[in-house]
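What follows is a set of notes on a single structure, which appears directly below.
Throughout, read-outs are computed from the coordinates displayed, never taken from laboratory work. Predicted model, so just to flag it, every value in this text is computed and none were measured. Cβ sites come from the backbone with ideal geometry, for glycine too, and all protein chains shown count toward neighbours.
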Amino acid sequence: MGTAHLACLDGIVGPAAEARIPVTDDGVLRGDGAFEVLRLYDGRPFALEEHLERIARSAANLRLPIELAALRSDVERLLAAAGSGPEHGCLRIVLTRAGRRLLLTESSPEWAQSIRLATVTYAPTRLLDGVKSLSYAANMLATRLAQERGADEALLVTPHGRVLEAPTSSIFWAREGALATPPLEDHILASITRARVIELSGAQERSCTLDELLAADELFLVSTTREAQAISAVDDHRFQNDGPIFTEAARRLHERILAELG
């Protein structure tokens, strides 16, 4: 998560450090709310409508009221005030149980060329399938546990050894020239960037055990903020981090993003 710079709270734009939400809001007390983060390219949001559609689905699943027209107006107002620049590299949208609409522009995270993962046992909460909720403590703890073991990020694996995703990104693996990613039926996030990569590459969706993953030739993560990032290691297993399949997927994804931005 980058540093927040500018905020729009219930339609009012101002410095992020001055935005205030009552402590009685269950979005604060219980993590009861929904959120989205999307990338800004020179002030232009990528896949805005898809992110708004997803937060609407999250809100519906949480029985959380949402005013999409007001949210769109907030986005336009905040981005007009922010302009472009590295301090406005991402847009975070938060809806709380008390009905607050909080939007923040944040600096883009600085991603290394490749990343090391450590496996963390994780059981998805079935009740939150299809929800990108504020209840993100488990994801953040997984990252901290992985970092305590000397890795950069966690790889979430079920107690039965099935590979899921990273805490804030989707995973792809290549074996003998074929690209694959876990299916949504395994209770992972319906990532917008993941969908783009599947469309561009023809990647298959199928379940994968940790043993199968460790036998892959190449691994990489995809997300809104990082686009595509090679995985150099999972636990003690090392992988080629500049392989041809990753390189081609990353190139085609970036070109697709630029084309959609126009």
- [ ] Could you give the DSSP H helices of the chain that reach 20 angstrom or more along their long axis (alpha carbon positions) and whose average Kyte-Doolittle hydropathy is no lower than -1.0?
- [x] 48-62, 68-82, 244-261
Task: Pairwise label distance in nanometres, Val13 with Glu53, each label 7 Å out on the Cα-Cβ vector - done: 2.7 nm
Open item on the list: Pairs of alpha-carbon atoms within less than 8 angstrom and 6+ residues apart define the contacts here; what relative contact order does the chain have, in percent?
Closed with: 18 percent
- [ ] Round to the nearest 0.05 the FRET efficiency obtained for Asp42 and Glu185 when R0 = 41 Å and r is the Cβ-Cβ distance.
- [x] 0.65
TODO: At q = 0.08, 0.09, 0.11, 0.12 Å⁻¹, work out log10 I(q)/I(0) for the chain with the Debye formula, treating every Cα as an identical point scatterer and leaving solvent out; two decimals please.
DONE: -0.32, -0.41, -0.61, -0.73
Task: Expected-Rg normalisation [2.2 N^0.38 Å, Cα atoms] applied to the range 4-106 - done: 1.00
TODO: Using DSSP, restrict attention to beta bridges with both residues in the range 44-177 and report what percent are antiparallel, rounded to the nearest 5.
DONE: 65 percent
Task: Kirkwood hydrodynamic radius (C-alpha pairs) into Stokes-Einstein, the range 76-186, 10 °C and 1.306 mPa s, D in µm²/s - done: 95 µm²/s
Task: Dimensions in Å of the range 1-45 - Rg and Dmax from alpha carbons - done: 12.6, 36
Open item on the list: Between Ala138 and Ala98, how high is the FRET efficiency from 1/(1 + (r/R0)^6) when r is the Cβ-Cβ distance and R₀ = 22 Å? Nearest 0.05.
Closed with: 0.40
Task: Dipole-positive endmost among Leu221, Ala16, Gln204 within the chain (Cβ charges, Cα centre) - done: Ala16
Task: Separation of alpha-carbon centers, the range 1-48 and the range 170-205, rounded to whole Å - done: 29 Å
- [ ] At q = 0.14 Å⁻¹, work out log10 I(q)/I(0) for the range 114-261 with the Debye formula, treating every Cα as an identical point scatterer and leaving solvent out; two decimals please.
- [x] -0.62
TODO: Quickly rank 193-203, 22-32 as a protection proxy: mean count of other C-beta atoms within 10 Å, highest first.
DONE: 193-203, 22-32
